[in-house]
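The values are calculated or read from the model by the stated rules, or taken from the named source; none is laboratory data. Note that the structure is predicted; figures quoted are calculated from it, not measured. Note that each Cβ is placed from the backbone with ideal geometry, even for glycine, and that neighbours are counted across all protein chains shown. The accessibility values were calculated without ligands, DNA or RNA, using every heavy atom of the protein model including side chains. Shrake-Rupley method; radii C 1.70, N 1.55, O 1.52, S 1.80 Å.
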Amino acid sequence: MTAIRVLLADDQEMVRTGFGLILSAEDGIEVVGEASTGTDAVAKARELRPDVVLMDVRMPGMDGIAATRALSADPFPPRIVVVTTFDLDEYVYGALRSGACGFLLKTAGPRLLVEAVRAAAAGDALVSPSVTVRLLSRLTEPEPARADVHATLSPRELEVVKAVARGRTNSEIAGDLFVSLSTVKTHIANIGSKLDARNRVEIAAWAWENRLVE
């Protein structure tokens, strides 16, 4: 099995060292580089072609949001997980809108750090469902309800959207709706296409903005 190649981008050397030690101890994960600024992160990501970038939000010069936006515009972008301290970094929502596939609190602990990397590499965006729901509910300002808000999605797709917004995993959604896992993945792919959402976090954000969940 090919190892998941990870780039660590954080302006604090202690954070990079700690993350590196945790990830390097895991089978199937390889830390291929480090960056201390957003500019350096973009350059090294394009040079090293990692599978996943753990991207801090606040860094000198180009910040993590701008770096995420720059990399997401590349033809074959890496999967980017924003790493942040929620109480200070209220730019997370902007980072997700810029193309990040998920996020992780710096206080989350080693298990979720590893889970974040593996989930991102597998194409999933939700690292910790409860954190996802909490952050989206706080960072998303609901838009006024629109008459056509449901028009593009089927009733079953709306069910899936609401489940994603509540932080349910694909397996949990399959169990809730009594369908196969592959059917859930197909629904999510179709929903993403209809909403022009790049990942399930953007699908969840759309649901919160349009008041499909409380």
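Numbers below:
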quantity	calculated
Residues of segment 54-75 classified as within 19 Å of Val201 (Cα to Cα) and without any contact (Cβ under 8 Å) to a residue 60 or more places away in the chain, total	12
Hits in segment 199-214 - residues which are of a type in the set (Val, Ile, Thr) and at pLDDT 80 or above	Ile203
Among the residues listed as Asp10, Asp51, the single one being open to solvent by less than 30 Å² (accessible area, probe 1.4 Å), touching a residue at least 40 places away in the same chain (Cβ under 8 Å), touching a Lys or Arg at 6+ places or on another chain (Cβ under 6 Å) and among the charged types (D, E, K, R)	Asp10
Residue in segment 131-150 that is at pLDDT 85 or above, more than 20 Å from Ala100 (Cβ to Cβ) and open to solvent by 50 Å² or more (accessible area, probe 1.4 Å) present	no
Segments classed as strands (runs of 3 or more DSSP E), wholly inside segment 7-95, with at least 1 members that are among the polar types (S, T, N, Q)	79-84
Residues satisfying the stated conditions in segment 6-29, i.e. more than 14 Å from Glu115 (Cα to Cα), in contact with a helix residue (DSSP H, G or I) (Cβ under 8 Å, 6 or more places away or on another chain) and among the charged types (D, E, K, R)	Asp10
Pairs with Cβ under 6 Å, 6+ apart, first in segment 186-202 and over 20 Å from Thr68 (Cα atoms), second open to solvent by less than 80 Å² (accessible area, probe 1.4 Å) and not in a helix (DSSP H, G or I)	Lys194/Thr152
Residues of segment 54-70 that turn out to be surrounded by fewer than 22 Cβ atoms within 10 Å (Cβ to Cβ) and at pLDDT 95 or above, as a count	1
Considering residues of segment 91-128 that are out of contact with any strand residue (DSSP E or B) (no Cβ under 9 Å at 6 or more places or on another chain) and more than 23 Å from Arg5 (Cβ to Cβ) only, the residue modelled with the highest pLDDT	Thr107
